[in-house]
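For reference, the structure is listed below as structure tokens.
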Amino acid sequence: MGRVGVVTAGESWASGPSGGSVVRRILLGSQLRRLRESRGITREAAGYSIRASESKISRMELGRVSFKARDVEDLLTLYGVIDEGERGALLGLAKEANVAGWWHSYSDVLPGWFQTYVGLEAAASHIRLYEVQFVHGLLQTESYAHAVVARGMQGAPTAEIDRRVALRLERQKVLVSERSPKLHAILDEAALRRPYGDREVMRAQLRHLIEISEQPNVTLQIMPFSYGGHAAESGSFTMLRFPESDLSDIVYLEQLTSALYLDKREEVAQYERVMTRLQDESPDPDESRNVLRGLLQLS
């Protein structure tokens, strides 16, 4: 797929009007691209066949837009796909790709570029992350999440803050679902020492981290100050892996008003090496729980 690219506030990567299944859009788009290229058909010619532009074909192949059944049918005909079974499977995928995800109901407080991440996070089989600013959203208590959101949105209406916190808590349900992903989180000690909320909020957050780290699908490590400089010099990042073999791993880098999604093999490999070094350099999960207990005693 190559570099997915920067998503600005005005250009959502895969945030079509339905806010639907991000992964299925990407899969369908990649399959349509392979079919087109195997037939030697240009994007311009493909666009002409569905009364659209070359750029529309590009967006479809990258999973940036929703799919109309008629467009998919016309493209499959152009690409010589006449087998009813193959056509039916791809048209079914197009239909599934347009089904709204649960996060669609939070579209009033969910930026388009973050809809993409929530969809990918919900579909991932493995989530690995490093966080330095604060405890990652999947691991936050409600009171800590409220303090983080309120700090980042000073002056925002209480109702909007509450909605964003509710969204964060809804995301966390993926960790206890039947198809829960494996989560490997590495938190910098800075994220645990930077106070959000009052003393009891921080104590409750530390206790929660100790408890959730005991879940069989959760691995939690703490990168302590005492180690000094370490591999993640560029800051926080998240790596997502999916059960679908056709979908490459994705590195998610969040910015203030946009996000960057990387899936070039060589770029993902660099983050893979950093993550592996962080895992090796951080205390193991048992020792990390002891670090958390020590911070709890000091708080």
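Judged by the ratio a/c of the largest to the smallest principal axis of the C-alpha gyration tensor, the stretch 42-120 counts as oblate, that ratio being 1.5 or greater while a/b is no larger than b/c.
The residues of the chain expose, per residue, 48 Å² of accessible area to a 1.4 Å probe. Rounded to the nearest 20 debye, the dipole magnitude of the chain is 500 debye, with +1 charges on Lys and Arg beta carbons, -1 on Asp and Glu beta carbons, and the Cα centre as origin.
Out of the DSSP beta bridges found with both residues in the chain, what percent are antiparallel (nearest 5)?
If we restrict to bridges inside the chain, about 55 percent are antiparallel.
Cα convex hull, the stretch 19-176: 144 Å³ per residue, rounded to a whole number. In the stretch 163-261, Cα pairs under 8 Å separated by at least six residues give a relative contact order of 22 percent.
Let a ≥ b ≥ c be the square roots of the eigenvalues of the Cα gyration tensor of the stretch 138-232; is it rounded (a/c under 1.5), or, if not, prolate (a/b larger than b/c) or oblate? Cα axes put the stretch 138-232 in the oblate bin. Ordering 164-172, 82-90, 111-119 by mean Cβ neighbour count within 10 Å, with the highest value first, yields 111-119, 164-172, 82-90.
Take the convex hull of the alpha carbons in the chain; its mean projected area over all directions comes to 16.5 nm². Working note: 222 nm ellipticity from helices only, DSSP H runs with n ≥ 4, each -39,500 (n - 2.57), summed and divided by the residues of the chain, gives -15000 deg cm²/dmol to the nearest 500. Rounded to the nearest 10 square angstrom, Val132 shows an accessible area of 50 square angstrom against a 1.4 Å probe. Relative contact order for the chain: 22 percent, from Cα pairs under 8 Å spaced at least 6 residues apart, divided by residue count. Only one residue of Tyr271, Pro285, Gly235 has its Cα farthest out toward the positive end of the dipole of the stretch 216-299, where Lys and Arg carry +1 and Asp and Glu -1 on Cβ, and that residue is Pro285. Taking the charge dipole of the chain about its Cα centre, with +1 at Lys and Arg Cβ atoms and -1 at Asp and Glu Cβ atoms, the residue from Ser299, Ala69, Ser125 reaching farthest to the positive side is Ala69.
The values are calculated or read from the model by the stated rules, or taken from the named source; none is laboratory data. Everything numeric in this text was worked out from a predicted model, so none of it was measured. With ideal geometry, Cβ positions are generated from the backbone for all residues, glycine too; neighbour counts draw on all protein chains shown. Remember, those area values only see protein heavy atoms, side chains included, never the ligands or the DNA or RNA. Shrake-Rupley method; radii C 1.70, N 1.55, O 1.52, S 1.80 Å.
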